[in-house]
Ligand code: AP5
C-alpha cells in the first residue's frame, strides 16, 4: 500500500506512520526526519533547511521534492511506503504526480489546534531514529530515555509554543489547499488516491485503532 499521511504539526503523523511501518513492513519516509538528519550531519541540504525549520516555516519545495522522488524509487519501496509529512503543498503533490509516483490512499489526521499545542510541549524525541514519546500520553519506559537504545531524549528546537503556533497557521494556509485538491481528485477521477479523514484526537491507542480501521487493517 502507498500511503500519504497529512496532518497538522503534532497530529500524530510520525507516531502512526511508525505503527503502520511495523504492521505493514513497508518503509516510513519522513521528510522531517530526513531534514533533521541532514542538519545533524552538517550536510549542504541541512545548512539550507535549518533556518526555515527553526522558524517554523516550510523549506522551499525545490529542496525537498527531488529528495523524496529519489527515495520512493529505491528498491525497498517497491511493495509500498508511507509518506509522513510529504507532500504538504500543492506544488509538492503535483511534482509527485508528474514524476509518476502513484498513491493509493491519502489519510488526513484531524486534531483540534489546542490539543496540538498540548502535545508538542510534552513531546520528547529520539532524534537519531525519529521515535517520539509524550511525557504523559505516550511516556518512555524510563523517563527521558529512548526505549530501544536507552539514549537521552530531546526537545525539538521547533517545539517552543510560539513556533508551534506559527507552524499551525502555516499548515492551514499552505496545506489546506492540498487537502482540497486530494478531496476533489478522489471525488472526480477514477483511479485517484482514496481520501480518508480520521479523528486523530484523544489517546494514541484510540487514534491508532481508528487509523488501522480506516485503512482496513486488523
Ligand atoms: P515534521 O517533522 O514533519 O514536523 P510536523 O509536520 O510539524 O509534524 P511533527 O513531526 O511535529 O508532528 P507529527 O504529526 O509527526 O506528530 P507526532 O507523531 O510526533 O517537519 C519539521 C519541519 O521540517 C517543518 O516545519 C518544515 O520546516 C520541514 N519540512 C518537513 N517536511 C517538509 C515538506 N514536505 N515540505 C517543506 N518543509 C518540510 O506526535 C506529536 C506528539 O503527540 C508526540 O509526543 C506523541 O507521542 C503525542 N501524542 C499524543 N496523543 C497522540 C495521539 N492520539 N496520536 C499520536 N500521537 C499523540
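Readers should treat all values here as calculations from the given coordinates under stated rules, not as data from a laboratory. Note that this is a predicted model, so its numbers are computed, not measured. All Cβ positions, glycine included, derive from the backbone under ideal geometry; neighbour counts span all protein chains shown.
Length gained on full extension, residue 136 to residue 218: 26.9 nm, using 0.36 nm per residue less the C-alpha separation. Going from the fewest other Cβ atoms within 10 Å to the most, the residues 171, 181 appear in the order 181, 171.
Using Cα-Cα distances under 8 Å and only pairs 6 or more residues apart, what relative contact order does the chain have, in percent? Value for the chain: 28 percent. Once the Cα-Cα distance is subtracted from the 0.36 nm per residue extended length, the residue 61 to residue 199 segment shows a gain of 46.9 nm. Ranked from largest, the principal axis spans of the Cα set of the stretch 109-218 equal 49, 37, 25 Å.
Stokes-Einstein diffusion of the stretch 1-47 at 20 °C, 1.002 mPa s viscosity, Kirkwood radius from Cα pairs, rounded to a whole number: 181 µm²/s.
With kT/(6 pi eta Rh) evaluated at 25 °C and eta = 0.890 mPa s, and Rh the Kirkwood radius from Cα pairs, the stretch 1-87 diffuses with a coefficient of 182 µm²/s according to Stokes-Einstein.
When the alpha-carbon atoms of the chain are used, the pair Rg, Dmax equals 16.5, 49 angstrom. For the stretch 92-154, the relative contact order works out to 22 percent when only alpha carbon pairs closer than 8 Å and six or more residues apart are counted. The fraction of all Cα pairs in the stretch 28-129 landing in successive 5 Å bins from 0 to the largest distance is 2, 10, 19, 23, 21, 15, 8, 2, 0, given as whole percents.
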